[in-house]
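Some notes on the structure that comes next.
The values are calculated or read from the model by the stated rules, or taken from the named source; none is laboratory data. What you see is a predicted model, and the numbers here were worked out from it, not measured in a lab. Cβ placement follows ideal geometry from the backbone for every residue including glycine, while neighbour counts extend to all protein chains displayed. Surface areas here come from the heavy atoms of the whole protein model, side chains and all, with no ligands, DNA or RNA. Shrake-Rupley method; radii C 1.70, N 1.55, O 1.52, S 1.80 Å.
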Amino acid sequence: MWIKIAVQEIGPITLVAFRALFGLLFGVVVIFIQRVRWPRDFRTWFPLLVLGLTNVAIPFFLISWGEKSIDSAVASVLDATVPLFTILIAHYLLRDDKITLPKMMGLLIGFAGVVVLMSKDLLHASTSSLLGQAAVILASVFYAVSSVYVRKTTEDTPGILRSAVPLISATVTMWLATLIFESPVKIPQLGITWVALLWLGIFGSGLAFVMAYYLIHEIGPTRTTMVTYLFPLGGVLLGVTFLHEELTWQLITGAILIVLSLIVANWQPKEIREGRQVTSGS
């Protein structure tokens with residue numbers, strides 16, 4: 001919703017540049033308040049700076065570019081492929097996030113929910129660029145790879161550093177892209193645009209990355225990336241609530257399927273749960 005408000009006045013790349021900048025400033029303030037030490041070795045800096053490119057700058061740019069030639073409904077469905085790519089990559093690179101029947105069923109049910117949710121818009125999609133679709137799918141692959149990379153390389157890194165340091169390389173990259181592709185840079189004049197940018201930067205990037213990276217280490221990349229199923233659901237619900245858009249059967253059915261997918265993907269047999277409790281107790 002805030003992205004839709006912001007792009008009424010500024011370009012998508014400029015939006016991402018401001019978003020990354022405000023997210024970085026939020027992280028820096030929290031680091032100083034909590035007196036967290038900045039990394040002092042290249043081994044810690046390197047994966048975090050890489051994440052700024054693979055998890056922020058590159059996918060944001062690909063999605064912004066791709067959505068110029070495809071409808072948002074198509075983009076939502078393609079974006080929902082993130083957990084499907086993630087479970088395939090995690091299965092081979094991580095020991096504790098393997099493909100299981102509940103996970104696979106949950107992912108497929110959730111993907112079906114997104115398709116049903118956006119089906120009305122998909123039927124009326126006016127543009128269908130293969131390059132645009134490929135760009136959004138490639139962004140999904142970058143997100144999937146990044147989530148596994150986070151799990152393998154940042155386990156001992158404080159949460160706020162996982163969020164703030166990647167935004168350094170993301171901010172630099174996106175402002176360079178803004179100067180190249182959207183020059184001269186347009187400074188927002190409307191107060192509501194600044195509110196949107198601050199919200200997206202502080203909550204949608206700075207704080208959200210802290211929680212996302214925490215979840216990747218707690219419950220694994222596959223289940224964490226299932227949040228992409230909630231994005232279109234949240235957008236449609238906001239449209240119904242604040243923009244008085246129509247409450248359709250697609251919304252109700254899609255919402256049920258998405259919620260059900262989260263329950264199924266997180267279901268664990270009783271014997272496994274008890275085994276983990278015994279292990280943690282000992």
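Quick notes on this one:
- Tabulated pairs, the stretch 28-54, first open to solvent by 40 Å² or more (accessible area, probe 1.4 Å), second assigned to a helix (DSSP H, G or I), C-beta under 6 angstrom, 6+ apart or interchain: L49/S169; L53/S169
- Residue match in the stretch 39-61 (condition: at pLDDT below 85, farther than 28 Å from I256 by Cα and out of contact with any His (no Cβ under 6 Å at 6 or more places or on another chain)): yes
Let's see how each residue does on (1) β-branched (V, I, T); (2) part of a helix (DSSP H, G or I):
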site	(1), (2)
W175	no, yes
I180	yes, yes
S183	no, no
Q189	no, no
W194	no, yes
W199	no, yes
I202	yes, yes
L207	no, yes
M211	no, yes
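- Here S183 clears all of (1) touching a residue at least 12 places away in the same chain (Cβ under 8 Å); (2) surrounded by fewer than 21 Cβ atoms within 10 Å (Cβ to Cβ) except the condition numbered (1).
- For the stretch 71-90, a tally of residues being touching a strand residue (DSSP E or B) at 6+ places or on another chain (Cβ under 8 Å) and open to solvent by less than 10 Å² (accessible area, probe 1.4 Å) returns 0.
- Only one of the listed residues (K152, K120) is open to solvent by 60 Å² or more (accessible area, probe 1.4 Å), modelled with pLDDT under 90 and of a type outside the set (D, E). That residue is K120.
- Of L230, L207, L197, L179, all but one fail to be within 24 Å of V141 (Cα to Cα) and at pLDDT 90 or above; the exception is L207.
- A164 vs. criteria open to solvent by less than 20 Å² (accessible area, probe 1.4 Å), under 25 Å from D41 (Cα atoms) and in contact (Cβ under 8 Å) with a residue 12 or more places away in the chain: yes
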